[in-house]
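Read-outs throughout are calculated quantities, based only on the coordinates presented, and are distinct from any laboratory measurement. No experiment lies behind these values; they were computed from the predicted model shown. Here Cβ is always computed from backbone atoms with ideal geometry, including for glycine, and neighbour counts include all displayed protein chains.
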């Protein structure tokens, strides 16, 4: 598991360095995630240690949000003055996320191969 954690940090560092060197317009952590995705696609599977680490991080994700919530509370006076844009962006962002997720699921479910019905089983109305 230590190797998986080291790999995650190394890929994030590599992503940060690439973004700085190439002047890319997105965060280094995103570049690191894209590098990890490319590596996993080349490998063709998820290593067991990485899967265990990812599951552990996902189970404790709420702990990772505590610093950002504390940071927002440091700027509570600004939030109090400008509450409407925060509220609107939160509601609109949640709505857009919900709509895109629903649209994606609908597309994925419609493109999934249908399970063939058993032709040998007669319908109840056909049984005499």
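The gain in end-to-end length when the residue 101 to residue 6 segment is fully stretched comes to 31.0 nm, 0.36 nm per residue minus the alpha carbon separation. Translational diffusion coefficient of the range 1-62 (Stokes-Einstein, Kirkwood radius from Cα pairs, 20 °C, 1.002 mPa s): 174 µm²/s. Annotation: the chain has a Kirkwood hydrodynamic radius of 19.9 angstrom, from the mean reciprocal C-alpha pair distance.
Would you calculate a helix-derived [θ] at 222 nm for the chain, using -39,500 (n - 2.57) for each DSSP H run of n ≥ 4 and dividing by the full residue count, to the nearest 500? Write out the running numbers ahead of the final one.
On the way: 6 runs with 98 residues, N = 128.
Rounded to the nearest 500, it is -25500 deg cm²/dmol.
On full extension of the chain, what length is gained from residue 13 through residue 35, given 0.36 nm per residue of separation minus the C-alpha to C-alpha distance?
Fully extending the segment from residue 13 to residue 35 adds 6.8 nm.
Once the Cβ-Cβ distance of residue 82 and residue 58 is raised to the sixth power relative to R0 = 35 Å, the FRET efficiency obtained is 0.60. Sorting the segments 19-32, 61-74 by their residues' average number of neighbouring beta-carbon atoms within 10 angstrom, most packed first, yields 19-32, 61-74.
Each of 111, 6 was scored by other Cβ atoms within 10 Å of its Cβ. Listed from fewest to most, they are 111, 6.
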